[in-house]
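The values are calculated or read from the model by the stated rules, or taken from the named source; none is laboratory data. The structure displayed is predicted, hence computed values, not measured ones. Neighbour counts run over all protein chains shown; Cβ positions are idealised from the backbone, glycine included.
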Ligand code: SF4
Ligand code: SF4
């Protein structure tokens, strides 16, 4: 005999029906104090996303992630591919920061700062409300109605325009405004690859925000899945106070009248009364909606609120536990290391390798020479006039054979150099030498390498 298991919210994603088809979510437009706060945060985040590549700090863009040229600018600090240790450190700090925040505040990043949510909920969804009305109006409209057809057409036209704008915002972060303007303003055949990338990305964003929507958060984003590992009973998240709300129903003793309003406003379609779920992006829309209901029925607000399971059960709020302290210490140490590393970063990056296949040459009876390939990258925004001096041994000589000693801002100097040493300074077949790269009297970098000589 086949046992029939009752269907619950855990059996399948809420936006997929029994036959496997998409259940389209028409979320009600939220209103309330949390929505106002979220709108303010979204405007700040959107302004940062749009303006950061245009703002210059020390002549560098505030934000640039030029992956193709392996050049990054973070708050005006230029970071090159050679600074991989710095990039790794920044990523480690970011990961610990996100983990720490998740442990304490749950998925607050998702609802408040993630570009996917900001664009979907604060841009596209608002345009949808504008053209199709709020969810009740939209539900009443018949799909075959010509009015809704033209409203949808207009909505999708605006969606396409916004998707093109978002593509431009994204490309500004990747290639910078100057190169983006060249793609836009110069003939297409001069920037064919860039043009194809723009079209492809625009189509991709349109598809994501017009059709795929909340499934990015509920099915694809790995961060949402980490919740199960990172959250504990003391993590703060949007939580339904089941102690106060249950038993539910219009005539029951609990405060929840089972009006379903918190579900109708949810952008991922879930019922927060079922407890913490990975689909919840902590957007707080259900808090606002339930507060409106509570006000109407003369009950205290915050039946749904930011709280922990521990807080609901005991009535005490606590965000501090052993794990929080441990993560905070790790984060503080990483931030100090990051600040010190950035502060002490060298303005140039030097490599000096012996010319392939060469060993040493005898210049005269007491002098030997080695040939090296020198490469110096200027990581700053100013031109540098460089001099090379031998620091160890002092009596040796160093000479630039090809190339110039003037290094342009963000430029690379490549040259062959010759080092002459007196036989008395040689310590064996291989002698350690130290080269100083100077700008005036200021030493920018010290480079240690080997000098080959004859066997004594
Ligand atoms: S909005 Fe509030 S009262 Fe209505 S079902 Fe949700 S939790 Fe219960
Ligand atoms: S349950 Fe509430 S906080 Fe979570 S996604 Fe839905 S509306 Fe937002």
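When we screen 70, 125 for residues that are over 27 Å from residue 40 (Cα atoms) and more than 16 Å from ligand 1 (Cβ to nearest atom), the only hit is 70. In the condition set (1) out of contact with any strand residue (DSSP E or B) (no Cβ under 9 Å at 6 or more places or on another chain); (2) modelled with pLDDT of 90 or more, residue 357 is compliant with all but (2).
Being touching a strand residue (DSSP E or B) at 6+ places or on another chain (Cβ under 9 Å), more than 16 Å from ligand 2 (Cβ to nearest atom) and either at pLDDT below 90 or within 19 Å of residue 15 (Cβ to Cβ) (or both) is a condition met by at least one residue of segment 317-332. Can residue 35 be described as closer than 30 Å to residue 305 by Cβ and at pLDDT 90 or above? The answer is yes for residue 35. Residue check: is residue 167 within 16 Å of ligand 2 (Cβ to nearest atom), out of contact with any strand residue (DSSP E or B) (no Cβ under 9 Å at 6 or more places or on another chain), assigned to a helix (DSSP H, G or I) and in the same structural domain as residue 277 (by TED's automatic domain parsing)? Spelling it out, it is not the case that residue 167 is within 16 Å of ligand 2 (Cβ to nearest atom), out of contact with any strand residue (DSSP E or B) (no Cβ under 9 Å at 6 or more places or on another chain), assigned to a helix (DSSP H, G or I) and in the same structural domain as residue 277 (by TED's automatic domain parsing). Considering only segment 214-234, state which residues are within 15 Å of residue 306 (Cα to Cα) and within 14 Å of ligand 2 (Cβ to nearest atom). Result: 231, single match. The criterion of at least 3 residues that are within 16 Å of ligand 1 (Cβ to nearest atom) and either on the phi > 0 side of the Ramachandran plot or not assigned by TED's automatic domain parsing to the domain that holds residue 410 (or both) is met, among helices (runs of 4 or more DSSP H) falling completely within segment 253-362, by 261-264, 285-296. The set of residues in segment 363-382 being assigned to a loop (DSSP other than H, G, I, E, B), within 28 Å of residue 89 (Cα to Cα) and touching a strand residue (DSSP E or B) at 6+ places or on another chain (Cβ under 9 Å) consists of 379, 380, 381.
Within segment 93-115, none of the residues are surrounded by 14 or more Cβ atoms within 10 Å (Cβ to Cβ), assigned to a strand (DSSP E or B) and either out of contact with any helix residue (DSSP H, G or I) (no Cβ under 7 Å at 6 or more places or on another chain) or not assigned by TED's automatic domain parsing to the domain that holds residue 378 (or both).
Among the residues of segment 394-402, some residue qualifies, meaning at least one is buried (at least 16 other Cβ atoms within 10 Å of the Cβ) and in a loop (DSSP other than H, G, I, E, B). Go through segment 220-252 residue by residue and tally those that are within 16 Å of residue 275 (Cβ to Cβ) and either surrounded by 13 or more Cβ atoms within 10 Å (Cβ to Cβ) or more than 15 Å from ligand 1 (Cβ to nearest atom) (or both). Looking only at that region, the number is 19.
So that you can scan it fast, the table gives a plain yes or no per residue for (1) farther than 26 Å from residue 71 by Cα; (2) touching a residue at least 40 places away in the same chain (Cβ under 8 Å):
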site	(1), (2)
339	no, no
343	no, no
361	yes, no
392	yes, yes
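So which residues in segment 293-316 are in contact with a helix residue (DSSP H, G or I) (Cβ under 9 Å, 6 or more places away or on another chain) and modelled with pLDDT of 80 or more, if there are any at all? Listed by number, the residues that qualify are 293, 299, 300, 301, 302, 303, 304, 305, 306, 312, 313, 315. On inspection, residue 264 fails the criterion of being modelled with pLDDT under 95, within 16 Å of ligand 2 (Cβ to nearest atom), more than 30 Å from residue 123 (Cβ to Cβ) and surrounded by 14 or more Cβ atoms within 10 Å (Cβ to Cβ).
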